[in-house]
1. Which residues, counting only those in the range 32-47, are at positive phi and touching a helix residue (DSSP H, G or I) at 6+ places or on another chain (Cβ under 7 Å)?
2. Given the conditions (1) out of contact with any Phe, Trp or Tyr (no Cβ under 9 Å at 6 or more places or on another chain); (2) within 18 Å of Val10 (Cβ to Cβ); (3) modelled with pLDDT under 90, and given that Arg99 satisfies all but one, which numbered condition is not satisfied?
3. With Glu80, Glu11 as the choices, which residue is over 19 Å from Leu122 (Cα atoms) and either surrounded by fewer than 14 Cβ atoms within 10 Å (Cβ to Cβ) or of a type in the set (Phe, Trp, Tyr) (or both)?
4. Count, please, the residues in the range 20-73 that happen to be over 16 Å from Arg97 (Cβ atoms), in a loop (DSSP other than H, G, I, E, B) and touching a residue at least 60 places away in the same chain (Cβ under 8 Å).
5. Suppose the filter is in contact with a helix residue (DSSP H, G or I) (Cβ under 6 Å, 6 or more places away or on another chain), of a type in the set (Val, Ile, Thr) and surrounded by 17 or more Cβ atoms within 10 Å (Cβ to Cβ); does Val54 pass it?
6. Looking at the range 83-102, which of its residues are free of Cβ contacts under 8 Å to residues at least 60 places away in the same chain and either surrounded by 12 or more Cβ atoms within 10 Å (Cβ to Cβ) or closer than 21 Å to Leu21 by Cβ (or both)?
Amino acid sequence: MGWQVPFVVVEVYGPSMVPTLYEGDRLVVRYGARVRPGDVVLLRHPLQQDLVVVKRAVERRPGGWWVLGDNGFNTTGDSEDYGVVPEDLVLAVARCRYRPRTPDQRSLRARLSWAGSALRLLLPDPEASSRLRAR
């Protein structure tokens, strides 16, 4: 039996999860975690499996998960394009988001503001799940 690191840090690229996640944000993800509706998940793109993407698991459907990005203005690259994602392509669940400090945040006020918002838990969001289903 092999040993696997349960938590890994990954970086977010692209705007599909704005306003929840922004480009450059770091996610602490847990491999092998149980997926629930509303979770932010890391998955292999069903049509391009060398590409790993971050989406919200909206609901379980026959054959896997229906996933969508949170950004209503950027609706490409989710289940509306490729359908249900098989469960074996869902790799991990994001547990928290860490936003790195930018070089221009030098003043004490800027650093305190950053410190108050840099780390956020990503709990399952059933409201986002139902809002996205209605889209």
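The values are calculated or read from the model by the stated rules, or taken from the named source; none is laboratory data. Owing to the predicted nature of the structure, the values given are computational and were not obtained by experimental measurement. Because the Cβ atoms are built from the backbone with ideal geometry, glycine has one as well, and the counts that use them run over all protein chains shown.
1. As a first pass, look at the range 32-47 and keep what is at positive phi: 32, 38.
Gly38, the sole residue that qualifies.
2. It is condition (1) that Arg99 fails.
3. Working: Glu11 fails: over 19 Å from Leu122 (Cα atoms).
Result of the check over Glu80, Glu11: Glu80.
4. 4
5. Working: in contact with a helix residue (DSSP H, G or I) (Cβ under 6 Å, 6 or more places away or on another chain): no; of a type in the set (Val, Ile, Thr): yes; surrounded by 17 or more Cβ atoms within 10 Å (Cβ to Cβ): yes.
Spelling it out, it is not the case that Val54 is in contact with a helix residue (DSSP H, G or I) (Cβ under 6 Å, 6 or more places away or on another chain), of a type in the set (Val, Ile, Thr) and surrounded by 17 or more Cβ atoms within 10 Å (Cβ to Cβ).
6. Of the range 83-102, the ones free of Cβ contacts under 8 Å to residues at least 60 places away in the same chain are 83-90, 101-102.
Gly83, Val84, Val85, Pro86, Glu87, Leu89, Val90, Arg101, Thr102 - these are the residues of the range 83-102 that are free of Cβ contacts under 8 Å to residues at least 60 places away in the same chain and either surrounded by 12 or more Cβ atoms within 10 Å (Cβ to Cβ) or closer than 21 Å to Leu21 by Cβ (or both).
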